[in-house]
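S.K.: Take this structure first; my questions come after.
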Amino acid sequence: MHQIAQDLNDQIRSANPYIYELLSDLGRELYYPKGILTQSAEAKQKAFRFNATIGIATEAGHPMYLPVIHNKLSEFEPSDLYDYAPPAGKQELRELWKEKMFKENPSLRGKAISLPMVTNALTHGLSIAADLFINAGDPLVLPDKLWGNYNLIFGTRRGANVVTYPFYSEAGELNISGMKEALLAQKAHGKALLLLNFPNNPTGYTPTPQEAAAMVEAIREVAEKGLNLVVVSDDAYFGLFFGDSIKESLFGRLANLHPRVLPVKVDGATKEEFVWGFRVGFITFASEHPEVLSALESKTMGIIRGTISNVAAPSQTFVTEALKSSDFWPQKQEKVEIIKRRALKVKEILKTERYQEVWKEYPFNSGYFMCLALKHVEAEVLRTHLLEKYGVGVIALGQSDIRIAFSCVEEDQLEELFELIYQGAKDLEKK
């Protein structure tokens, strides 16, 4: 093991041994090398005559560029587009995102968190968490209503033992007791990674304030019984809250909850700021020990340096400029309101009595999606029938569920969409 990695491990272990026990074998080996990037950063500060360290080409004191590319980007300085970004991301963007997190999450006030590190959107952030904390056989606990890519990120890549529990109880409520039981069943293993995704993909559900308090208390009780927990909040659809849910991330309520609990927030501009193709995400840790936060940041930088080196600079610049603009918040709210109106329209449409003959809707109050549980036909059979006969695309999940993204259907077209889904189901019932 490299000495730097050993020093980081000692730093974590002396501050909080439970966090050290949560690290995977790879997580313990990781470190940020004092190599070319470190020397280049030092030269950038002190080399006042010539800086011959970094692997870019310059011209007249600026990064070299092709006019055919820059002509359409001329509002930006070449150095903001063509130079490498630091492995942890552009400092200004990280500070702006942290400021935004505290503004939008009141429960974070007074809590100690790391400066968010820039990732190549949320999938990359989740894979960093998997690398840091998952060994083959370690339990990943999450609900049965889940984003399928978790299986690749944590299961296929890192060999996690995927443990699911029913997302909804038989009464149609958030199944907090099921979550707690699934966690307690891992006690003999000593550690687990709990993945929370709110607003949930695929159901579009976020806990109410009462449910959120009960979830946090359940996690605290599990930790009290001796299970070390990494709790990852996948906040991909953060801010899209339309009903009776909490209006912030559970990350703030979990911060400093218990020495055995390490909260990790994975979020990003990708969906929050409607810039899907920019691939700008963030990973943030919470700990009352500065030594732990510093060491985890160094290990995360090591992963980034050893995989993608850094996230694209232009995307970070574009998001930075947006966050600094006085137009950012009103423009964002305008788009959120459009999606909210679509969600409320869906709720209105689903009150149609005859629709209850063919499906039952799962509760939803946020995000991009909602799900229907089909009563008489198989989800995949309906999906292909809708495509072939009506030109309608939905996502089939398991035997009986379909996911509908109301986020990408105009409000005045939603009635037709659900009528066609209903008609497709009735077609199949007649066969």
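S.K.: Among the candidates Ala136, Ala60, Ala41, which residue alone is open to solvent by 50 Å² or more (accessible area, probe 1.4 Å), more than 21 Å from the chain's Cα centre (by Cα) and modelled with pLDDT of 95 or more?
M.R.: Result of the check over Ala136, Ala60, Ala41: Ala136.
S.K.: Got at least one residue in region 88-96 being among the polar types (S, T, N, Q), touching a Phe, Trp or Tyr at 6+ places or on another chain (Cβ under 9 Å) and either open to solvent by less than 40 Å² (accessible area, probe 1.4 Å) or at pLDDT 90 or above (or both)?
M.R.: Taking every residue of region 88-96 in turn, none turns out to be among the polar types (S, T, N, Q), touching a Phe, Trp or Tyr at 6+ places or on another chain (Cβ under 9 Å) and either open to solvent by less than 40 Å² (accessible area, probe 1.4 Å) or at pLDDT 90 or above (or both).
S.K.: Another question about this same structure. Would it be correct to say that Ala223 is surrounded by fewer than 20 Cβ atoms within 10 Å (Cβ to Cβ), modelled with pLDDT of 95 or more and farther than 22 Å from Met117 by Cβ?
M.R.: Yes.
S.K.: While we're here: Which residue pairs have Cβ atoms under 6 Å apart, sit 6 or more places apart or on different chains, and have a first residue in region 179-201 that is farther than 20 Å from Val266 by Cβ and a second that is in a strand (DSSP E or B) and of a type in the set (Gly, Ala, Ser)?
M.R.: Final answer for the pair search is Gln186/Ala192.
S.K.: Report whether or not Phe251 is among the aromatic types (Phe, Trp, Tyr) and touching a strand residue (DSSP E or B) at 6+ places or on another chain (Cβ under 6 Å). Talk me through it step by step, then tell me what you get.
M.R.: Details: among the aromatic types (Phe, Trp, Tyr): yes; touching a strand residue (DSSP E or B) at 6+ places or on another chain (Cβ under 6 Å): yes.
Yes.
S.K.: Also: Filter region 404-414 down to residues that are open to solvent by 50 Å² or more (accessible area, probe 1.4 Å) and not polar (S, T, N, Q) and give me whichever is farthest from Pro199 (Cα to Cα). Step through it out loud before you land on a result.
M.R.: From region 404-414, those open to solvent by 50 Å² or more (accessible area, probe 1.4 Å) are 408, 410-413; that's our starting set.
From the residues that got through so far, the ones that are not polar (S, T, N, Q) too are 408, 410-412.
Numbers: Cys408: 17, Glu410: 21, Glu411: 20, Asp412: 24 Å.
Checked region 404-414; the qualifying residue farthest from Pro199 (Cα to Cα) is Asp412.
S.K.: Pull up region 370-396, narrow it to residues that are open to solvent by less than 10 Å² (accessible area, probe 1.4 Å) and assigned to a strand (DSSP E or B), then point me to the one that is nearest to Leu414 (Cα to Cα).
M.R.: If we take residues in region 370-396 being open to solvent by less than 10 Å² (accessible area, probe 1.4 Å) and assigned to a strand (DSSP E or B), then Met370 is nearest to Leu414 (Cα to Cα).
S.K.: Still on this model: Give me the residue from region 397-431 that is among the polar types (S, T, N, Q) and assigned to a helix (DSSP H, G or I) and, out of that set, farthest from Ile338 (Cα to Cα). Before the answer, list the steps.
M.R.: First pass over region 397-431, keeping only residues among the polar types (S, T, N, Q): 399-400, 407, 413, 423.
From what is left, the residues that are assigned to a helix (DSSP H, G or I) are 407, 413, 423.
Numbers: Ser407: 9, Gln413: 13, Gln423: 27 Å.
My answer is Gln423.
S.K.: What residue, of Glu291, Glu337, is surrounded by fewer than 21 Cβ atoms within 10 Å (Cβ to Cβ), over 21 Å from the mean Cα position of the chain (by Cα), without any contact (Cβ under 8 Å) to a residue 24 or more places away in the chain and under 30 Å from Val118 (Cα atoms)?
M.R.: Being surrounded by fewer than 21 Cβ atoms within 10 Å (Cβ to Cβ), over 21 Å from the mean Cα position of the chain (by Cα), without any contact (Cβ under 8 Å) to a residue 24 or more places away in the chain and under 30 Å from Val118 (Cα atoms) holds for just one of Glu291, Glu337, which is Glu337.
S.K.: Do we have any residue at all in region 320-327 that's among the hydroxyl-bearing types (Ser, Thr, Tyr), under 26 Å from Phe242 (Cβ atoms) and in contact (Cβ under 8 Å) with a residue 12 or more places away in the chain?
M.R.: no
S.K.: Return the pair list, or none, for Cβ contacts closer than 6 Å from residues in region 400-422 that are in contact (Cβ under 8 Å) with a residue 12 or more places away in the chain to residues that are hydroxyl-bearing (Ser, Thr, Tyr) and open to solvent by less than 40 Å² (accessible area, probe 1.4 Å), at least 6 apart or on different chains.
M.R.: Note: pairs meeting the criteria are Ala405/Tyr368; Ser407/Tyr368; Tyr422/Tyr355.
S.K.: Of all the residues that make up region 165-183, how many are closer than 19 Å to Ile402 by Cα, open to solvent by 30 Å² or more (accessible area, probe 1.4 Å) and in contact with a strand residue (DSSP E or B) (Cβ under 8 Å, 6 or more places away or on another chain)?
M.R.: 1
S.K.: Name the residues in region 1-25 that are within 19 Å of Asn135 (Cα to Cα), open to solvent by less than 70 Å² (accessible area, probe 1.4 Å), not small (Gly, Ala, Ser) and not in a helix (DSSP H, G or I), would you?
M.R.: Leu23, the sole residue that qualifies.
The values are calculated or read from the model by the stated rules, or taken from the named source; none is laboratory data. Everything numeric in this text was worked out from a predicted model, so none of it was measured. Note that we place each Cβ from the backbone using ideal geometry, even for glycine, and neighbour counts take in every protein chain shown. These accessible areas exclude ligands, DNA and RNA; they are computed on the full protein's heavy atoms, side chains included. Shrake-Rupley method; radii C 1.70, N 1.55, O 1.52, S 1.80 Å.
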